[in-house]
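Structure first, then comments.
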Amino acid sequence: MAGKFELWVDKGGDWRFNLKASNGQVIATSQGYSSKASAIGGIESVKTNAPGAEVVEL
């Protein structure tokens with residue numbers, strides 16, 4: 001089973017999403033978005049940009 005994105009509205013009214021691994025563990029949590037469309041745009045951005053993301057040690 002592949003990972004999945006879960007989309008919800010937080011207590012403050014912002015839209016957020018989690019990226020969950022196939023074992024159900026949350027591996028990423030988004031910032032708050034003012035609209036569902038913006039949150040979905042954030043998900044699409046992760047899908048597009050994360051595969052080649054650089055790892056930087058701080």
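The values are calculated or read from the model by the stated rules, or taken from the named source; none is laboratory data. Just so it is clear, the model here is predicted, and its values are computed rather than measured. Cβ: placed from backbone, ideal geometry, glycine included. Neighbour counts: every protein chain shown.
Can you tell me which residue within the range 40-56, out of those that are among the β-branched types (Val, Ile, Thr) and part of a loop (DSSP other than H, G, I, E, B), is nearest to the chain's Cα centre (by Cα)?
Result: Val55.
Within the range 1-32, the set of residues being loosely packed, with under 15 Cβ neighbours inside 10 Å and of a type in the set (Phe, Trp, Tyr) comprises Trp8 only. Could you tell me whether any residue of the range 1-17 is of a type in the set (A, V, I, L, M), assigned to a strand (DSSP E or B) and modelled with pLDDT of 95 or more? Scanning the range 1-17 turns up at least one residue that is of a type in the set (A, V, I, L, M), assigned to a strand (DSSP E or B) and modelled with pLDDT of 95 or more.
Inspect the range 47-58 for any residue being touching a residue at least 24 places away in the same chain (Cβ under 8 Å) and either on the phi < 0 side of the Ramachandran plot or of a type in the set (Ser, Thr, Tyr) (or both) and give the result as yes or no.
Initially, the range 47-58 is screened for residues touching a residue at least 24 places away in the same chain (Cβ under 8 Å), giving none.
Within the range 47-58 (the criterion being touching a residue at least 24 places away in the same chain (Cβ under 8 Å) and either on the phi < 0 side of the Ramachandran plot or of a type in the set (Ser, Thr, Tyr) (or both)), the answer is no, since none of the residues qualifies.
Residues in the range 24-39 that are modelled with pLDDT of 95 or more, closer than 24 Å to Ala53 by Cα and part of a loop (DSSP other than H, G, I, E, B): 4 in all.
Taking the condition touching a residue at least 12 places away in the same chain (Cβ under 8 Å) and small (Gly, Ala, Ser), does Gly24 pass? For Gly24, the condition - touching a residue at least 12 places away in the same chain (Cβ under 8 Å) and small (Gly, Ala, Ser) - is not met.
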